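First up is the structure itself, then whatever we jot down about it.
The values are calculated or read from the model by the stated rules, or taken from the named source; none is laboratory data. Just so it is clear, the model here is predicted, and its values are computed rather than measured. Quick reminder, even Gly has a Cβ in these numbers, built from the backbone with ideal geometry, and neighbours come from all protein chains shown. For the accessible areas, the whole protein counts, side chains as well, though only heavy atoms, and no ligand, DNA or RNA atoms are used. Shrake-Rupley method; radii C 1.70, N 1.55, O 1.52, S 1.80 Å.
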Amino acid sequence: MEARIFFIFIIICLFSLNSCSSSSSSDSIEIVPLKEEVEKVQVTVYYESLCPYCENFIVNYLIDVFTEGIDAIADVKLFPYGNAKVHSNGNITCQHGENECLLNTVEACAINTWPDVHDHFPFIFCVERYLYHDKFDMWESCFEELSLDPKPVKDCYNSEYGNQLELQYAAETNALQPPKKYVPWDYVYIITNICRAYKGPTLPKACLRCLASSASNIGIGTPEDKAIPLHPVTYADNRPANAYPLLSKIRSFLMSN
């Protein structure tokens, strides 16, 4: 089956972002079962750690892919490089300075250390949430909050391997055709677009709600709606709610704040 590629560029955000989440505490969060052989939508997120619009996207919108069970029909890949530049000597400079280069590499090392997105996204979400709230000096507490061993990530960062990972992200980002120009790129509503791109016979109920909302021009997922707590979900492939314990911690964290 031909893979359906859905690229999301989150590097210099020029437009307002939106997505779809639960509209009331009484909404059903049951997910319609999916067939295993159906190809998932490929979602690639190109971003940089200290871009305020990227922080906003990850903290307030990309999280919905996981908390609403949309990951049952989408594979998400994160590329923490953005608008950085590689010089002839191999050194990298980042759009928002040395701290961004540090955190881009830390997040690249986290992705390498925990390759499953359900393992590394909670850490990246935690880091970006602190950055979103201007608490840069708190990001390291994410290791303790999520009961993660910091040693593999720190060893990766402190070795040459962290820089090699960033150079790989640079090569893939710079090789994009058509080249990146700005973000979002043909994108406003992440969940709506994933649901529309998916060609399987059935959809998660979150998709049905979101597509109905889109068709009626109702702005579900606007900042005002973010005051409504997110709900734990049952995934379309019938994974138990605690199948990914780190994401369970993120859900608990979201609902307690």
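General remarks:
- Estimated distance in nm for a label pair at Ser88 and Asp155, the labels positioned 7 Å out from Cα along Cα-to-Cβ: 3.7 nm
- Per residue accessible area in Å² of segment 76-148, where ligands, DNA and RNA are left out and the probe is 1.4 Å: 44 Å²
- Gain upon complete extension [Gln164, Leu176; 0.36 nm per residue less C-alpha separation]: 2.4 nm
- With every protein chain in place, segment 95-164: carbon and sulfur % of accessible area (1.4 Å): 47 percent
- Of His87, His118, the order by accessible heavy-atom surface (1.4 Å probe, DNA, RNA and ligands excluded), from most exposed downward, is His87, His118.
- Projected label distance in nm at Glu140 and Leu208, using a 7 Å step from Cα toward the beta-carbon: 4.9 nm
- In order along segment 113-127, the phi-based Karplus estimate (6.51 cos²θ - 1.76 cosθ + 1.60, θ = phi - 60°) of 3J(HN,Hα) comes to 6, 10, x, 5, 4, 6, 9, 8, 4, x, 5, 5, 4, 4, 4 Hz; Gly and Pro are listed as x.
- Glu140 accessible area, 1.4 Å probe, all protein chains in place, Å² to nearest 10: 90 Å²
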